[in-house]
1. Distance from a point 7 Å along Cα→Cβ of Glu77 to each backbone N in the stretch 140-168: keep the residues under 20 Å and list them by number.
2. With r as the distance between the Cβ atoms of Asn200 and Lys133 and R0 = 45 Å, compute the FRET efficiency 1/(1 + (r/R0)^6) and round to 0.05.
3. Work out, step by step, the length gained on full extension between Lys65 and Asn215: first 0.36 nm times the residue separation, then minus their alpha carbon distance; give nm to one decimal.
4. Whose amide H sits under 5 Å from the amide H of Phe56, counting only residues 5 or more places off or on another chain, with H placed in the peptide plane?
5. Only Lys, Arg, Asp and Glu count, each charged at its Cβ (+1, +1, -1, -1), so figure out the dipole size of the stretch 11-59 about its Cα centre, rounded to 20 debye.
6. Taking the Cβ of Lys35 as the centre, find all other residues whose Cβ is under 10 Å away and add up their charges (Lys, Arg: +1; Asp, Glu: -1).
7. Only Cα pairs within less than 10 Å get springs; with that Gaussian network setup on the chain, which residue of Tyr55, Tyr155, Tyr75 has the largest fluctuation?
8. Skip the ligands, DNA and RNA, and give the accessible area per residue of the stretch 1-123 with a 1.4 Å probe, whole Å².
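The values are calculated or read from the model by the stated rules, or taken from the named source; none is laboratory data. This structure is a prediction, so every number in the text was calculated from the model and none was measured. FYI the Cβ positions are ideal-geometry reconstructions off the backbone, even for glycines, and counts take in every protein chain you see. When the accessible area is computed, the model is the full protein with side chains, heavy atoms only, and any ligands, DNA or RNA have been set aside. Shrake-Rupley method; radii C 1.70, N 1.55, O 1.52, S 1.80 Å.
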Amino acid sequence: MSKKNHGSLIILSGPSGAGKGTIHNELLKHDSNLKLSVSMTTRKPRDGEVEGVDYFFVTEEEFKKEIENNSFLEYAEVHGNYYGTLKREVERDIDNGYDVLLEIDIQGAINIKAQKEDGIFIFVMPPSMKELKNRLVKRGTETKDALIERFKNAYKEVNEMSKYNYVVINDELDLAVKKVEAILIAERCRVDRIEEFDVNNQEELIHELLVDFNN
Ligand code: 5GP
């Protein structure tokens, strides 16, 4: 039995501070069939972020040029910056049979769903909004205004969770990672993801069976 020779798209969304980044890093460590699509953004790099690994960091002008060139599978304005999934990032790995993980916001997820309804849509939730607030403050990566914007957006995003196929509450990281891994294992076993099953070899195998039996 062979797998579909095209990989699947896995869409991971959730409010800022829910832990999507940490979850996807853990998934990528253990799943060699999974690749992360690196998005393009106009957001300034945070300390420690690496060009081409975390994002492709560009100016608004460069981003708009990519929009004109039809380079994006989807793009959106999130928390006051542009973010987009590059077609070339996704297609290269999907065509090579890898499953591709997109860590994108709800607008992007809705956009992808309209194009690729067989995507696997997973929403990561914080255990509570209070815990989300605590994590965002502790992370210390945003200015006060950006923090408030992200926290307000979190409420909107949580209200959209029913658009996803799966919800994973990230209370304990190890458990949340296991849940996402379990989702991927189950999805890869779905009948509609299996393309070929060789049933044209009956005579050949019966011949072999008789030879084996007679030995
Ligand atoms: P951050 O600035 O924290 O890295 O990301 C902010 C938000 O933008 C997150 O919700 C993240 O999932 C989302 N995001 C990152 N890349 C993309 C993308 O390519 N498209 C869309 N629509 N959202 C993205």
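1. 143, 145-157
2. Numbers: r = 60 Å, r/R0 = 1.33.
The value I calculate is 0.15.
3. On the way: separation 150, 0.36 × 150 = 54.00 nm, distance 6.98 nm.
Contour length minus the Cα-Cα distance gives 47.0 nm.
4. Ser39, Met40, Thr41
5. On the way: 6 positive and 6 negative charges, 26 e Å.
The calculation lands at about 120 debye.
6. Taking every other residue near Lys35 into account, the sum is -3.
7. Tyr155
8. 48 Å²
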